[in-house]
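Before any comments, here is the structure.
The values are calculated or read from the model by the stated rules, or taken from the named source; none is laboratory data. As the structure is a prediction and not an experimental result, all values here were calculated from the model. Please note: Cβ atoms are built from the backbone with ideal geometry, for glycine as well, and neighbour counts cover all protein chains shown. The accessibility values were calculated without ligands, DNA or RNA, using every heavy atom of the protein model including side chains. Shrake-Rupley method; radii C 1.70, N 1.55, O 1.52, S 1.80 Å.
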Amino acid sequence: MGHEEVASSPLPQKDNPTLLFNNAGMNQFAKVFLGQEKRPYSRAVTSQKCMRVSGKHNDLTSVGPSPRHHTFFEMLGNFSFGDYFKKDAIQYAWEFLTEVMELDKSRLWVSVYTDDDEAEELWQAHIAPERILRFGKKENFWEMGDVGPCGPCSEIHYYLGDMADMKAEGVNVEDDYLEIWNLVFMQYEKAADGSLTPLPRPSIDTGMGLERITQVKQGFTNNYDTDLFTPAMDVVQELLRHSDEERKANYVGYRVIADHVRAATFVIADGVRPGNDGAEYVLRMVIRRAARFGRDMGFSQPFMAHVAGAYIQHMGEAYPELIAQMEHIKRTITQEEERFARTLDNALVQLERVLEETADKQIPGNVAFDLYATHGLPLEITRDLAEERGFTVDEAGYVVAKAEHALASGSGGVQGVRVGWQHLQPNRPRFNQRRQIASGRG
Ligand code: SER
């Protein structure tokens, strides 16, 4: 009740040098939590554009094999800035999931932080005690990055499998248990030395992936089967003239293309161009990575503008910037595909040579760096291809080679190459449900 509907902030993150992109709904409120900024409201709801491709929250390597991870995703959240705290946050979440979303209560599990007796007790008003589990820092203490607001959290999990097999031991372990919502009890500010200082006023930050709640509502066990992604994947299938069986057999490539083109579409709409540094590198990398998968599935011409077109058509109502910049988005993607196509064949020949010459199954960092700086092959693609062949890449060595090159050239980067060694990690209801969900909680 009484939550201000606040628009998503743009993807590129300007306030925090440790983040390239917004990685959670709370980013735009970080200073409010810290007491450094005042807003005319003390409760808010958002549907925030997020990218998890660098730093603490990085889902890149999961995209493709995983049914539920994305680079770009939309995070729904409600926030309290020193207004309500644990009791109301838990009650609002429960009401929203069980009454507004009408989820099956018998499939829900919740988790609390190791020593959070208060949260456990509050949950007991809603759910049987044996459905409340305790986990440690990794699962139940949320931090935005290496510094900033943080606190213990309580997660809500939905069981997707056969009821006869449901068990407490599966939560946070098995894929059938889908984490759908994270309620963070914002209580501390973490400093660079790791110390925690209590926030001026305890606050609430919640985050629910639109992709995941859509999956549950639409009755799937895979985000990519929802209508958030199928229009784009249908375009890929049409262009490749694949049968349904071929589409299924190539599911990793379909998912990577669907995910990465969506990410590129939104990142470009928010003003980023492909380049060699920071957010620009990430954009270049996702376009090139999708192009490489596309090439493997039979594309010999730029194809991604058509896929971007499906997203612009389906998501343009909620995000008018996509419509306003449609031609620019398509042109930017196509140009990057063309640029990559000019060097890709040669880069793959070079990589083949490297694999033949590498005796100990680990590509040295300076060699991986040269594959990008000289041949345009992003580290993330080198890593994909190396792993397919049972090799690894010395990524720490890559960082050293990059830094040495930057030092030698005095330019901050060989051809400006400065990022790219970090891995990318990630998660939406029907398009017309998005607003309702974002504002319907609390
Ligand atoms: N910040 C928390 C998360 O990203 C809850 O919104 O999971």
Legend entry - The one condition in (1) open to solvent by less than 10 Å² (accessible area, probe 1.4 Å); (2) more than 14 Å from the ligand (Cβ to nearest atom); (3) closer than 27 Å to THR197 by Cα that ARG39 fails to fulfil: (1)
Inset, instruction - Name the helices (runs of 4 or more DSSP H) wholly inside the range 62-168 in which the number of residues that are open to solvent by less than 20 Å² (accessible area, probe 1.4 Å) and either away from the ligand (no atom under 16 Å from the Cβ) or modelled with pLDDT of 95 or more (or both) is 3 or more. - result: 86-95
Legend entry - Matching helices (runs of 4 or more DSSP H) fully within the range 230-325 where at least 1 residues are crowded, with 24+ Cβ neighbours inside 10 Å, charged (D, E, K, R) and out of contact with any Gly (no Cβ under 7 Å at 6 or more places or on another chain): 251-269, 278-297
Inset, instruction - Determine which single condition TYR398 fails, assuming it passes every other condition in (1) surrounded by fewer than 22 Cβ atoms within 10 Å (Cβ to Cβ); (2) at pLDDT 90 or above. - result: (1)
Inset, instruction - For the range 187-228, name all the residues that are within 16 Å of the ligand (Cβ to nearest atom) and more than 22 Å from the chain's Cα centre (by Cα). - result: GLN187, TYR188, GLU189, LYS190, LEU199, PRO202, SER203
Inset, instruction - Return yes when LEU34 is farther than 24 Å from HIS157 by Cβ, among the hydrophobic types (A, V, I, L, M, F, W, C) and more than 14 Å from the ligand (Cβ to nearest atom) and no when it is not. - result: yes
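Can you tell me how many residues within the range 40-61 are among the charged types (D, E, K, R) and at pLDDT below 95? If you could, list the steps in order and put the result at the bottom.
Just the residues of the range 40-61 that are among the charged types (D, E, K, R), to begin with: 43, 49, 52, 56, 59.
Filter once more, so that each one left must be at pLDDT below 95: 52, 56, 59.
Residues flagged as among the charged types (D, E, K, R) and at pLDDT below 95 within the range 40-61 amount to 3.
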Inset, instruction - Show the residue pairs that are 6+ apart or on different chains and have beta-carbon atoms under 7 Å apart, the first residue being within the range 173-199 and within 13 Å of PRO152 (Cα to Cα), the second being exposed (fewer than 12 other Cβ atoms within 10 Å of the Cβ). - result: GLN187/PRO198; TYR188/THR197; TYR188/PRO198; GLU189/THR197
Legend entry - Whichever residue in the range 194-222 is part of a strand (DSSP E or B) and of a type in the set (D, E, K, R) and, among such residues, is modelled with the highest pLDDT: ASP205
Inset, instruction - Could you list all residues from the range 6-34 that are in a loop (DSSP other than H, G, I, E, B) and touching a Lys or Arg at 6+ places or on another chain (Cβ under 7 Å)? - result: SER8, LEU11, ASN22, ASN23
Inset, instruction - Looking at (1) more than 30 Å from GLY82 (Cα to Cα); (2) open to solvent by less than 10 Å² (accessible area, probe 1.4 Å); (3) of a type outside the set (D, E, K, R), find the lone condition where SER203 falls short. - result: (1)
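Is it the case that the range 355-363 has a residue that's open to solvent by less than 50 Å² (accessible area, probe 1.4 Å) and at pLDDT 95 or above?
yes
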Inset, instruction - Run GLU321 past the list (1) farther than 26 Å from ALA406 by Cα; (2) modelled with pLDDT under 95 and report the number of the one that doesn't hold. - result: (2)
